[in-house]
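One structure is given below, encoded as structure tokens.
The values are calculated or read from the model by the stated rules, or taken from the named source; none is laboratory data. In this text, all values refer to a predicted model and were calculated from it rather than measured experimentally. No Cβ is skipped: glycine too gets one built from the backbone with ideal geometry, and neighbour counts run over all protein chains shown.
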Amino acid sequence: MLHRAGHIELPPKRCNPVNPLVQRKSPTIIKIDQTPICSALSDIRPLEIRQVRGTSSEKLCNSLIDQHHYLGYCHPVGEHLKYLVLSNDRPIACLTWSSAPRHIKSRDTFIGWSADTRKKNLHLIAYNSRFLILNWVQVPNLATHILGKMFKILPADWQRIYNHAIYFLETFVDTERFSGTCYKAANWHFLGLTTGRGKNDRTMKPNRSIKAVLGYPLCKNFRKRLHNG
């Protein structure tokens, strides 16, 4: 700032260091058995839902999402956890959860908190940024079953790893691709629709697909918890 204002003169810049947070490498491709799994849910249970962030299995989770999720892999923001779902030691699904977006009008209206309260307590919400059932897995009701299991597993892991509770879950569903059936069957609430403009938009015109905003309270007094922290 002093240089730009003309108060001092700095020597010429000798290099432009690469910012690893901007230029991240894509996950390494890891091949796994893609033999089709077409059966009833009862035939592949019990499932193992394994938290893999910071473990040797994290790269596999990243690779599968990058290869097989329509959005690819994107490094989660802030606090985040990653899960592999396995049946008989075979990966069948992946989920990532991260810090919630700063401002979602329909969510904030549903909770009923002020901007100051939201800023203070936003960390008490977890955002389901990716949910992938691998393409060769065709098991009716599998996605809803996994979501039901996550309601108990995720809060306990979040408390253990980040030393604070979470009281509400949220996600976006692209309305041009999906109807969100598995979330609805797992009793998630429809909160509203996004504007389709993105957080940095200045045109006030939609420039991306409209998303349905879905939420799931993890306790009966979630509003009180989210207001009081």
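Has the stretch 167-176 got at least one residue that is in a helix (DSSP H, G or I) and closer than 20 Å to Val85 by Cα? No; the residues of the stretch 167-176 include none that is in a helix (DSSP H, G or I) and closer than 20 Å to Val85 by Cα.
Look at the stretch 109-128 and say how many of its residues are among the aromatic types (Phe, Trp, Tyr) and part of a helix (DSSP H, G or I). Outline the logic, then answer.
We begin by selecting, within the stretch 109-128, every residue among the aromatic types (Phe, Trp, Tyr); these are 110, 113, 127.
Going one step further and asking which of them are part of a helix (DSSP H, G or I), we end up with 110.
The qualifying residues number 1.
Flag: Ile111 matches the condition of being under 15 Å from Ile166 (Cβ atoms), among the aliphatic types (A, V, I, L, M) and surrounded by 18 or more Cβ atoms within 10 Å (Cβ to Cβ).
Counting just the residues of the stretch 129-146 that are in contact (Cβ under 8 Å) with a residue 60 or more places away in the chain and in a helix (DSSP H, G or I), which one comes out surrounded by the most Cβ atoms within 10 Å (Cβ to Cβ)? Result: Leu142. Counting only residues that are closer than 27 Å to His164 by Cα and outside any strand (DSSP E or B), the stretch 72-99 holds 7 of them. Which residues, counting only those in the stretch 20-71, are free of Cβ contacts under 8 Å to residues at least 24 places away in the same chain, assigned to a loop (DSSP other than H, G, I, E, B) and over 23 Å from the mean Cα position of the chain (by Cα)? Passing the criteria: Lys31, Pro46. Considering the stretch 167-181, the residues that are within 20 Å of Cys94 (Cα to Cα) and of a type in the set (Ser, Thr, Tyr) include one that is surrounded by the most Cβ atoms within 10 Å (Cβ to Cβ), namely Thr171.
The number of residues in the stretch 156-166 being in a loop (DSSP other than H, G, I, E, B) and either without any contact (Cβ under 8 Å) to a residue 12 or more places away in the chain or surrounded by 21 or more Cβ atoms within 10 Å (Cβ to Cβ) (or both) comes to 2.
Filtered by the rule that a residue be more than 24 Å from Pro155 (Cβ to Cβ) and surrounded by 15 or more Cβ atoms within 10 Å (Cβ to Cβ), the stretch 54-68 gives Leu60, Ser63, Leu64, Asp66, Gln67, His68. When restricted to residues that are in contact (Cβ under 8 Å) with a residue 60 or more places away in the chain and small (Gly, Ala, Ser), the stretch 89-108 contains 2. Each residue in the stretch 114-128 was checked for being without any contact (Cβ under 8 Å) to a residue 60 or more places away in the chain, in contact with a strand residue (DSSP E or B) (Cβ under 7 Å, 6 or more places away or on another chain) and either within 21 Å of Ile49 (Cβ to Cβ) or buried (at least 18 other Cβ atoms within 10 Å of the Cβ) (or both), and 3 pass.
Among residues belonging to the stretch 187-207 that are assigned to a loop (DSSP other than H, G, I, E, B) and surrounded by 13 or more Cβ atoms within 10 Å (Cβ to Cβ), point out the one that is modelled with the lowest pLDDT. Talk me through it step by step, then tell me what you get.
If we filter the stretch 187-207 for residues that are assigned to a loop (DSSP other than H, G, I, E, B), which is where we start, we get 187-188, 194-207.
Filter again for surrounded by 13 or more Cβ atoms within 10 Å (Cβ to Cβ), leaving 188, 194-197, 201, 206.
Working: Trp188: 98, Thr194: 91, Thr195: 81, Gly196: 74, Arg197: 65, Asp201: 51, Pro206: 61.
My answer is Asp201.
Against the conditions (1) closer than 11 Å to Ser129 by Cβ; (2) touching a Leu at 6+ places or on another chain (Cβ under 6 Å); (3) hydrophobic (A, V, I, L, M, F, W, C), Leu81 satisfies every one except (2).
So that you can scan it fast, the table gives a plain yes or no per residue for (1) in contact with a helix residue (DSSP H, G or I) (Cβ under 9 Å, 6 or more places away or on another chain); (2) closer than 26 Å to Val213 by Cβ; (3) exposed (fewer than 12 other Cβ atoms within 10 Å of the Cβ); (4) at pLDDT below 95:
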residue	(1), (2), (3), (4)
Ile32	yes, no, no, no
Ile44	yes, no, no, no
Val52	yes, no, no, no
Lys82	yes, yes, no, no
Leu86	no, no, no, no
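Comparison of Ile111, Ile153 shows that the only residue that is closer than 24 Å to His75 by Cβ and touching a residue at least 60 places away in the same chain (Cβ under 8 Å) is Ile153.
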